[in-house]
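*Asks:* The structure is given below, and queries will be raised subsequently.
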Amino acid sequence: MSESYSLGPVRVKLPPAERFSQFLQSRGKRITQQRQVIVETIYSHHDHFDADELMEHLQELIAQRKLSRPTIYRTLAELVEAGMLRKMNLGGRSVFEHDYGYPSHDHLHCQMCNKLIEFHSDELEQIRNAVAREHSFEVHSHRMFVTGLCADCRAKQ
């Protein structure tokens with residue numbers, strides 16, 4: 001068995017803003033300063049987030065009317081369409097995670113605090129591939145969520 005379940009390094013050919021710009025250009029759109037700020041904010045750190053949390057990071061620009069909520073929602077949808085973000089539904093809320101350059105991975109999900117812990121397992125991929133071969137199935141991707149309670153929430157009980 002693997003000793004480490006970390007995701008490993010993220011390798012991308014282009015910085016996220018450039019990759020997004022290319023996607024937009026292919027759709028006849030351009031990367032505005034507002035979209036640029038949103039992408040830079042999202043990719044400045046790796047966290048799972050929802051739209052409200054992103055808006056908290058951008059609150060000053062929203063208050064100054066330099067950025068609008070609809071622009072944020074549209075940009076999130078475009079980033080999902082571009083394959084740069086993955087949208088997941090957790091406990092009735094839409095949560096986003098980076099998908100650009102990130103290796104295939106799975107999640108431990110705390111049912112109490114909604115914490116997500118990412119991990120990668122070669123052994124799980126081998127099982128997935130064996131089952132797929134058995135059924136002549138072509139795998140494009142997979143997503144697994146293991147639900148339970150994190151150490152912090154168990155300690156609170």
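Coordinate-derived values only; no laboratory data. Owing to the predicted nature of the structure, the values given are computational and were not obtained by experimental measurement. Please note: Cβ atoms are built from the backbone with ideal geometry, for glycine as well, and neighbour counts cover all protein chains shown.
*Asks:* Can you pull out the GluC sites (Glu not before Pro) in the stretch 107-157 that DSSP calls coil and that have at most 14 other Cβ atoms within 10 Å? Let's see the in-between values first.
*Replies:* Numbers: sites: Glu118, Glu123, Glu125, Glu134, Glu138; in loops: Glu138.
Answer in residue order: Glu138.
*Asks:* Hey, fewest Cβ within 10 Å first, where do His107, His45 land in order?
*Replies:* Numbers: His107 18, His45 9.
With the fewest neighbours first, His107, His45 line up as His45, His107.
*Asks:* For the chain, modelled as a Gaussian network with Cα springs under 10 Å, which listed residue fluctuates most, Leu124, Leu76, Leu58?
*Replies:* Most flexible of the set in this elastic network: Leu124.
*Asks:* Calculate how many DSSP beta bridges within the chain are antiparallel, expressed in % of all such bridges and rounded to the nearest 5. Don't skip to the answer; put the middle values down first.
*Replies:* Details: 11 of 15 bridges.
Within the chain, antiparallel bridges account for around 75 percent of the total.
*Asks:* Compute the signed sum of charges (Lys and Arg +1, Asp and Glu -1) over the other residues within less than 12 Å, Cβ to Cβ, of Ser104.
*Replies:* Local charge sum for Ser104: -2.
*Asks:* Only Cα pairs under 8 Å and at least 6 apart count here; give the relative contact order of the stretch 1-151 as a rounded whole percent.
*Replies:* 26
*Asks:* When Leu54, Leu67 are ordered from fewest to most other Cβ atoms inside 10 Å of their Cβ, what list results? Can you show the working numbers first?
*Replies:* On the way: Leu54 19, Leu67 22.
Starting with the residue having the fewest Cβ neighbours, the order is Leu54, Leu67.
*Asks:* Between His135 and Ala63, what length in nm is gained on full extension when 0.36 nm per residue of separation is reduced by their alpha carbon distance?
*Replies:* This chain segment gains 20.5 nm when fully extended.
*Asks:* To continue, here is another question. Sequence neighbours fewer than 8 away in the same chain don't count; with that in mind, list the lysines whose C-alpha is under 26 Å from Lys13.
*Replies:* Those lysines meeting the cut-off are Lys29, Lys87.
*Asks:* In whole Å, what three semi-axes, largest first, describe the equivalent ellipsoid of the stretch 16-98 built from its Cα gyration tensor (square root of 5 times each eigenvalue)?
*Replies:* Sorted largest first and rounded, they come to 19, 17, 11 Å.
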